[in-house]
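Everything below concerns the one structure shown next.
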Amino acid sequence: MHGPPSHLSRRSLLGGSLALAGAAAAGCALPVGLGSSRTRVQYWHFLGASDGIIMNRMVQAFAQANQDVFVEENVLAWGEPFYTKIAMAGAGGRSPDLASFHLARLAGIGAGAILDPINVPLLEEAGLRGADFSPPIWERAHLDGVLYAIPFDAHPMVQYYNTDICAKAGLLDSGGKLAPTQGEDGLIAMLRKAKDAMGGRPPLAFDALGLGTVGPWRVWGSLYPQSGGTLLSPDGSAIAIDDAKALAALRLMARLGKEGLCDWRTDYGASVAKFTNGEAAFLWNGDWEVTGLKERGTPFSMSRFPSVFGTGAAQADCHSFVLPHQRDRDPEVERATYRFIAHIVKHSAEWAVAGHVPAYLPALEQPDYLALHPQSEYRSVVTEVALDPQVWFAGSASRLWIEFGEAFSPVISGERSPEDGLAAAKASLSRLLAAPNPFPRQER
């Protein structure tokens, strides 16, 4: 799972009826009746809370501009239940026309058996080209050279900062933005200044502890790739961790806990609460907390995750669109599906309100997106995202995240050495590599 219960509440089930009721109230999601000339596109997604509200508005906007197409939204529970339903529907060939998907899940869900390839000519007919997307994200949407997903966004690790505390600590530049740091020394100096301004309390919060915690994985998964570190061989069959680079990241994480620069006792909910209530100067988390922080009036802004070991890479996953397998895909519905996808992707500046970075590069230059603050402040990360390897056990709500989180959490608290933490992570990775893929690729 992506995180503990407080995080899951954001992704929680809204209920398909709620989403459809909201659209119907706007007069643009009425059911397609017998003999109707409208084309129906069945769309499954897992987007809850603010994400779900924004997506529903975007679906309504498409319907208003395309009266000949009816998009039927069905909102399902986030995480493993969603992917199980997709797998069952795709395996039976009786699936929805379209589904949302975490891009890191692509390799493990049976592309070629449970998912159908993207029809590139129809995609281009709808006005979307590969050159218009973030290169690393577009590349990751392929398996064995075949396009199986259409990228929508990246939701990377970012750095939230309390503007009041950072101003008191002298960490803001003349424009009121956080002055960037470089390297480990720069990061530690920044945190120490914030700690002094807070009377000695830990200035940094992130999901460091708790059942199923994934915060330690996501922090390490940002720091380690900055030095060029990888997890697996290119074919995903063997461990390729560089011990020296991996340990450098883990030793920094241990240092944060040992020097009282982060509170290692916080789970997901506590870390967000600490930052929300002004009890932490910094929050390392995904970009999706922006809406809630604005609603609660927290004085904050956001920046890219700190560059410590070379590049500005940040751990990320990506929302995308996929076509669950159908035995006989209706050509008219298929063309309408691509029209809908193109509309949503081209209007992804509206989606960015929730904090996510559009994967569609032209959206990053649109005035509406550039006017979003602080969302547009970290947009450059979209070409430096650190994505999971293409293996079945990676991605949001995956065993990889949870088991690496369990291996690294005690490193932050000082209960386990960095060397022992890395050994535990490698042992988990070996077990996962040896386990069979529950959804192997098949040729049809």
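Given the criterion within 27 Å of F62 (Cα to Cα), crowded, with 20+ Cβ neighbours inside 10 Å, under 17 Å from the mean Cα position of the chain (by Cα) and in contact (Cβ under 8 Å) with a residue 40 or more places away in the chain, identify the matching residue among F393, F321, F305, F340.
Being within 27 Å of F62 (Cα to Cα), crowded, with 20+ Cβ neighbours inside 10 Å, under 17 Å from the mean Cα position of the chain (by Cα) and in contact (Cβ under 8 Å) with a residue 40 or more places away in the chain holds for just one of F393, F321, F305, F340, which is F321.
With A270, A248, A254, A316 as the choices, which residue is part of a strand (DSSP E or B) and touching a residue at least 60 places away in the same chain (Cβ under 8 Å)?
Result: A316 is the single residue among A270, A248, A254, A316 that is part of a strand (DSSP E or B) and touching a residue at least 60 places away in the same chain (Cβ under 8 Å).
This table checks each residue for (1) open to solvent by less than 10 Å² (accessible area, probe 1.4 Å); (2) in a loop (DSSP other than H, G, I, E, B); (3) out of contact with any helix residue (DSSP H, G or I) (no Cβ under 8 Å at 6 or more places or on another chain); (4) farther than 30 Å from D388 by Cβ.
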| site | (1), (2), (3), (4) |
| --- | --- |
| E139 | no, no, yes, no |
| P156 | yes, no, no, no |
| Y160 | yes, no, no, no |
| I165 | no, no, no, yes |
| S174 | no, yes, yes, yes |
| K193 | no, no, yes, yes |
| D196 | no, no, yes, yes |
| P202 | no, yes, no, no |
| L209 | no, yes, no, no |
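I need every pair where a residue in region 142-169 that is without any contact (Cβ under 8 Å) to a residue 60 or more places away in the chain has its Cβ under 8 Å from the Cβ of a residue that is in a strand (DSSP E or B) and hydrophobic (A, V, I, L, M, F, W, C), sequence separation at least 6 or different chains.
Filtered contacts from region 142-169: V146/A111.
A quick yes/no check of all residues on (1) farther than 27 Å from M58 by Cβ; (2) open to solvent by 10 Å² or more (accessible area, probe 1.4 Å); (3) not β-branched (V, I, T):
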site	(1), (2), (3)
P362	no, yes, yes
L387	no, yes, yes
A397	no, no, yes
L400	yes, no, yes
G405	yes, no, yes
S413	yes, yes, yes
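When only residues in region 277-300 that are open to solvent by 20 Å² or more (accessible area, probe 1.4 Å) and not acidic (D, E) count, which is nearest to I53 (Cα to Cα)?
T291
Anything in region 104-120 that is within 18 Å of A435 (Cβ to Cβ) and in a helix (DSSP H, G or I)? List them, or say none.
A104, R105, A107, G108
Let me spell it out: the conditions are (1) at pLDDT below 95; (2) open to solvent by less than 20 Å² (accessible area, probe 1.4 Å), and L223 meets all of them except one. Which number is the exception?
The number of the failed condition is (1).
If the requirement is being in a helix (DSSP H, G or I) and either charged (D, E, K, R) or crowded, with 23+ Cβ neighbours inside 10 Å (or both), which of these qualifies: F82, F62, F101?
F82
Counting only residues that are at pLDDT below 90 and either assigned to a loop (DSSP other than H, G, I, E, B) or open to solvent by less than 10 Å² (accessible area, probe 1.4 Å) (or both), which one in region 88-98 is farthest from I137 (Cα to Cα)?
G93
Which condition breaks for L432 when tested against (1) farther than 23 Å from S100 by Cβ; (2) in contact (Cβ under 8 Å) with a residue 60 or more places away in the chain; (3) of a type outside the set (D, E)?
(2)
Sort out which residues of region 118-168 are among the β-branched types (V, I, T) and under 30 Å from P202 (Cα atoms), and write them in order of number.
Result: V158, T163, I165.
Any residue at all in region 324-336 that's open to solvent by 10 Å² or more (accessible area, probe 1.4 Å), out of contact with any Ser or Thr (no Cβ under 9 Å at 6 or more places or on another chain) and closer than 29 Å to Y378 by Cα?
no
Within region 364-373, track down each residue that is touching a helix residue (DSSP H, G or I) at 6+ places or on another chain (Cβ under 9 Å), touching a residue at least 12 places away in the same chain (Cβ under 8 Å) and either open to solvent by 10 Å² or more (accessible area, probe 1.4 Å) or of a type in the set (V, I, T) (or both).
Answer for region 364-373, where residues must be touching a helix residue (DSSP H, G or I) at 6+ places or on another chain (Cβ under 9 Å), touching a residue at least 12 places away in the same chain (Cβ under 8 Å) and either open to solvent by 10 Å² or more (accessible area, probe 1.4 Å) or of a type in the set (V, I, T) (or both): L364, Q366, D368, L372.
Go through region 251-276 and report how many residues are of a type in the set (F, W, Y), open to solvent by 20 Å² or more (accessible area, probe 1.4 Å) and under 16 Å from T163 (Cβ atoms).
Of the residues in region 251-276, 0 are of a type in the set (F, W, Y), open to solvent by 20 Å² or more (accessible area, probe 1.4 Å) and under 16 Å from T163 (Cβ atoms).
Checking P180 against (1) modelled with pLDDT under 95; (2) touching a Leu at 6+ places or on another chain (Cβ under 6 Å): exactly one of these is not met. Which one?
The failed condition is (2).
The values are calculated or read from the model by the stated rules, or taken from the named source; none is laboratory data. Keep in mind that this is a model prediction, so the values were computed, not measured. With ideal geometry, Cβ positions are generated from the backbone for all residues, glycine too; neighbour counts draw on all protein chains shown. Surface accessibility is based on the protein's heavy atoms, side chains included, excluding ligands, DNA and RNA. Shrake-Rupley method; radii C 1.70, N 1.55, O 1.52, S 1.80 Å.
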